[in-house]
Each structure stands twice: as structure tokens, then as C-alpha cells.
Amino acid sequence: MQYTIFNRKPVNSLKEPMFFGETVNVARYDQQKYPIFESLIEKQLSFFWRPEEVDLSKDRKDFQDLAEHEQHIFLSNLKYQTLLDSIQGRSPNIALLPVCSLPELETWIETWAFSETIHSRSYTHIIRNIKSDPSDVFDDIVRNEEILKRADSVSKYYDAFIEYMNLYTMFGLGTHEINGKPIDVTLFELKKRLYLCLVSVNVLEAIRFYVSFACSFAFAERALMEGNAKVIKLIARDEALHLTGTQHMLNIMASGQDDEEMARVAEECKQEAEEIFIEAAEQEKQWAEYLFKDGSMIGLNKDILCQYVEYITNIRMQAVGLNSPFDVKSNPLPWMNAWLVSDNVQVAPQESEISSYLVGQVDSEVSADDFDDFDL
Amino acid sequence: MSDEVKVEVEDLVPFYVSKSEPLLNSLEEHDIRIEYQCRSGYCGACRVTLLEGRVDYDEPPLAFIKENEILTCCCKAITDLKIMRPL
């Protein structure tokens, strides 16, 4: 196959698989093979928010009053989240769009990636507010050993897939001589790399974000950095939706209803998929250790956070049909759920304390005696 | 008592819940701890296995559920239920 941005062949996308069929030509949504992706798009659009809506003026003072080891916890998590969303803001488009075959899935991928760019923008909003020079924080992301270790495992499955997918879109299937070396491009290997890539994305959304979420909410439980917690709540709401999108893709693949070979791939990769989850859980536990190296914070310590990582890893693995490896039966941070509920994320500006909206508001309450001092 | 159905969770003592309440609310009233997050059907955290009985949703939920699973946050019982929590 040679990639074309507009496939001129008449295609019935209802008969195409999610990936590696004919490329999408007409972006039409009147008919859908998987209406769930259309519903996810609608939901994501209804979630739209802007970082500037959240007032962070109190956070600046809170941050200055935090103990040094707590500032370390806060900033490190922010750096890690910045890394994760830098990756997620671009990679679904680069990796998945060229091989996607359904218009509704294509648009879900774009909508999903776009919302990650809002998250990235919100980190700039937060960092600008607490640091006079944001570069101190941003520059450290590509210098900090602990972050770089994670960048490596988050991006390696993407890179492995993108490299191979580029050969496929350029030369098609078969054996090709590249830089003097023969390279076999097979559909099975492509599907395998795609499946593992999606598993690693699922891990990113389902587990990697949550250590940071827990710390943000633990600060807010003490009425500290509450503006930040509000932003994180909005991010967590989006991530829960993205997680559902990826779980749908993985489960559709594993069921074979879409592409029988994909089901064989999923079966063959089961062990490797489990290892990706477990490796991420171990890394997150090490991350918790790094966060608390100079001291814990009230309400949270390394051990509880590690148990929480194990707990959510179990749940996420079950959701995609994998065995849960850890022996944690109940949620060690039950108060987290209350922060993650989306019901109380306020979306109607007139009902919330969104300062940018309230600034310049006219006091429209008029009582009978308001005109008492008027003389005509 | 036509609005109530019997719910059995694993081997706990069965209890009665309203057909018009989301199942998760009723389970919480009976101190049954269920993981939850969005409480509006898109995150999937509250899924449990349905062993017996039928439930209904006001609108089809977004989260992925297998055929024998239900989302407690947004389903309502139609008949007596037997459910099992994950883990």
C-alpha cells in the first residue's frame, strides 16, 4: 500500500475493520460501524474546558508555604504529567490515524488527542502561576533521570509501532531492502505492535496518572492547592473517558468481531500485555518512593500509595480481560473516589465560582429603596 | 412492595432495593463497598458481574461492559438480582 491522504476508492466503512483496512476517505458520521466512538466524541465535546477558567491565585501563596519536600512532591508530579500529556497530545494522531479505517474512530482519536493538548496547556497555566521562571520546571523534564526512565517506557511501544507502520505506509507488505538490510513487513507483526502500543496507552491513562492525582487530591484534602485540584479533577474526568475509549478498542480487538487475526494477536500477546501492566505498576511504586524520598505528606505515604497502585492495576487489568496479579482487595484511598466523581465538576459558569466569568458581573439585584437618594 | 427487588451480593445476607434508584446508591446504603468514579456510566469503575436477574439503563452507558457485567452507578434493577463484585 502507498499511503494517500484521500483514498479515491469507493469504500463502505461499515465493512472495514478498525485498523489496517482501506484508509478513511469521506468523514461521514451518518452511519457508524461502532456508534460507541461517536458517543465518546459527543461526551468529550461536552466536557470541553479551558485552564484559564480555574482561578489559581490562592495556590501561589499555598505553594510558597509548602515545606520543601512537599514542593518536591508537587513539582515532580507536575513534571511527570507534563511528560505524559506531551506524549499523548501528539502520538495517537501520528501512530493511529494513518492506519485507521473508520471515520468515527478517526475522529475519536483526534478528539482524544486534542483534549490532551488542553491538559498540557493547563500545566503551563499552573506552573506559570507558582514559579517566576517556568523554565526551571519544564527544562528539568528532559534532564531528570527519574522522569526520563518513565519517558522511555511510555514511548517505546509507540516508537516500535510507528517505525514499522511507516514502512508499511511507504512500501506496503512484503520484504523490502532498507539501508541494505531486508526487512519483512507483515500484517501480523503490524497488528501485534499496534495491540501492544494500545495496551501501553491504556496503562498510561489507567495507572500512570493516578499517583499524581492522589497527591493533588491529598493536598486539596488539607485545603491546599485547591485550584490545582480543580484542574486535576477536570483532567481526571477526561482521562476516565479516554481510558474507556482504549478499553473499547482493546476489547473489540480481543473479541475478534472486527478482525479475526487481531483476536489471535491479542491471545498471543496476553502475557506480554500483562507484563506491560506489571512493569508500569512497579515503576509507579518506584515513583512513589522518589516522591517521598525527603518526607511524606499528611494523609499519604509511600506504602499507601503503592497499595493504591496495586489496587487500580488489578481493576484495570480485569477490565481488559487480563488476570489481576496483586493481592489487594480493597481501595486503600477510599476518599479518592469522591474527588473523581464527575457530578460535582461544575461546568455551567453561571453556577460556579469561575472567576474569569464572574469578573465584571453587574449586580442586578434591585430593591425598592435603591432610588431613595435620587432627586429629579 | 412492588417497587422493591431482592439483591444478593456474594454470600452476604440478601436485602431489598428500590427499582427506581440507581443500584450503586442502594448498595452503598447497605454498606456494600463498590468502586466508583464518574457515577455517570462512562468510566466503568463500578462494573460488577450479574449472575442472575435483569437491569435497565436510562441511557446506554459508554463504558465497556462484557455481556454478564452491569454498571451499578447507572443501572436500575428490573428483577431480583444476584451479583458478584470483582477481585
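What are the aspartates and glutamates whose alpha-carbon lies under 16 Å from the alpha-carbon of residue B:76, with same-chain residues fewer than 8 places away excluded?
B:3, B:4, B:8, B:21, B:28, B:29, B:52, B:56, B:58, B:59
Taking amide hydrogens as modeled 1.01 Å from N in the peptide plane, which residues meet the under 5 Å criterion relative to residue A:324, leaving out close sequence neighbours?
Those qualifying (amide H under 5 Å, at least 5 residues apart or on another chain) number zero.
Mind listing which GluC sites (Glu not before Pro) in chain B are in a DSSP loop and have 15 or fewer other Cβ atoms within 10 Å? Don't skip to the end; give the middle numbers.
Values: sites: B:4, B:8, B:10, B:28, B:29, B:35, B:52, B:67, B:69; in loops: B:10, B:35, B:67.
Of the GluC sites (Glu not before Pro), the ones in loops of chain B whose Cβ has at most 15 other Cβ atoms within 10 Å are B:10, B:67.
Taking a cut-off of 13 Å between Cα atoms, list the aspartates and glutamates near residue A:329, but don't count ones fewer than 8 places away on the same chain.
Those aspartates and glutamates meeting the cut-off are A:310, B:35.
Could you compute the net charge surrounding residue A:203? Neighbours are other residues with a C-beta less than 13 Å from the C-beta of residue A:203; K and R count +1, D and E count -1.
Result for the neighbourhood of residue A:203: -4.
If you filter the range B:1-70 for trypsin sites (Lys or Arg not before Pro), then keep DSSP loop positions with at most 13 other Cβ within 10 Å, what is left?
Passing sites in the range B:1-70 are B:33, B:54, B:66.
By how many degrees, between 0 and 90 and to the nearest 10, does the Cα long axis of helix A:187-203 differ from the longest principal axis of chain A?
So the inclination is approximately 20 degrees.
Using just the alpha carbons, could you tell me how many Å³ per residue the convex hull of the protein assembly as shown encloses? Don't skip to the answer; put the middle values down first.
Values: hull volume 103.3 nm³, N = 463.
Given the Cα convex hull of the protein assembly as shown, per-residue volume reads 223 Å³.
Would you mind checking which residues have amide H under 5 Å from residue A:183's amide H? H placed 1.01 Å from N; only 5 or more apart, or other chain.
A:176, A:177, A:178
Between the range A:1-18 and the range A:62-78, how many Å separate their Cα centres?
The range A:1-18 and the range A:62-78 have Cα centres spaced 50 Å from each other.
Residues with beta-carbon under 14 Å from that of residue B:57, excluding residue B:57: net charge, scoring Lys, Arg +1 and Asp, Glu -1?
Charge balance in the 14 Å sphere: 0.
Please find, in a Gaussian network model of chain A (springs between Cα atoms separated by less than 10 Å), the residue of A:251, A:228, A:144 whose mean-square fluctuation is greatest.
A:144
Give the cross-link partners of residue A:131 among the lysines, using a straight C-alpha distance below 26 Å as the criterion and excluding same-chain residues fewer than 8 apart.
A:58, A:61, A:79, A:149, A:230, A:233, A:293
Given the DSSP H assignment, sum -39500 (n - 2.57) over each helix run of at least 4 residues in the protein assembly as shown and divide by its residue total; what's the result at 222 nm in deg cm²/dmol, nearest 500? Please report the intermediate quantities before stating the final value.
Values: 15 runs with 233 residues, N = 463.
Result for the protein assembly as shown: -16500 deg cm²/dmol, rounded to the nearest 500.
Of A:151, A:176, A:166, which is farthest on the positive side of the dipole of the range A:133-182, counting Cα position, with +1 on Lys and Arg Cβ, -1 on Asp and Glu Cβ, and the Cα centre as origin?
About the Cα centre, the residue reaching furthest to the positive side is A:176.
With +1 on each Lys and Arg Cβ and -1 on each Asp and Glu Cβ, how big is the dipole of chain B about its Cα centre, in debye rounded to the nearest 20?
Using Cβ point charges on Lys, Arg, Asp and Glu, chain B gives about 220 debye.
Name the residues whose placed amide hydrogens come within less than 5 Å of the amide hydrogen of residue B:51, ignoring near sequence neighbours (fewer than 5 apart) on the same chain.
The list, which skips near neighbours in sequence, is B:82, B:83, B:84.
Mind putting a number on the dipole of chain A about its Cα centre? Charges go on the C-beta only, +1 for Lys and Arg and -1 for Asp and Glu, and I need it in Debye to the nearest 20.
1460
Report ³J(HN,Hα) in whole Hz for each residue of the range A:92-106, in order, from the Karplus equation J = 6.51 cos²θ - 1.76 cosθ + 1.60 where θ = phi - 60°; Gly and Pro get x.
Result, rounded to whole Hz: x, 5, 5, 7, 9, 4, x, 10, 7, 10, 10, x, 5, 5, 4.
Between the range B:1-50 and the range A:191-224, what is the C-alpha centre distance in whole Å?
One Cα centre to the other: 27 Å.
Of all the stretches in chain A, which is the longest one without any exposed loop site, taking trypsin sites (Lys or Arg not before Pro) in a DSSP loop (any state but H, G, I, E, B) with at most 10 other Cβ atoms within 10 Å?
A:144-328
What does the charge add up to near residue B:21, with Lys and Arg as +1, Asp and Glu as -1, over the other residues with Cβ less than 14 Å from its Cβ?
-3
For the range A:229-326, compute Rg over Rh where Rg is the Cα radius of gyration and Rh is the Kirkwood radius from the inverse mean 1/r over Cα pairs. Intermediate results must be reported in sequence, preceding the final value.
Values: Rg = 16.4 Å, Rh = 15.3 Å.
Taking Rh as the inverse mean 1/r over Cα pairs, Rg/Rh reads 1.07.
Over chain A, what relative contact order in percent results from Cα pairs under 8 Å that are six or more residues apart?
Computed value for chain A: 20 percent relative contact order.
Pick out, from A:142, A:115, A:14, the residue whose Cα sits farthest towards the positive end of the charge dipole of the range A:1-155, with +1 on the Cβ of Lys and Arg and -1 on the Cβ of Asp and Glu.
With unit charges placed on the Cβ atoms, the residue in question is A:14.
Read-outs: derived from the displayed coordinates by stated rules, not from any lab. Small disclaimer: the values here were computed from a predicted structure and weren't measured. All Cβ positions, glycine included, derive from the backbone under ideal geometry; neighbour counts span all protein chains shown.
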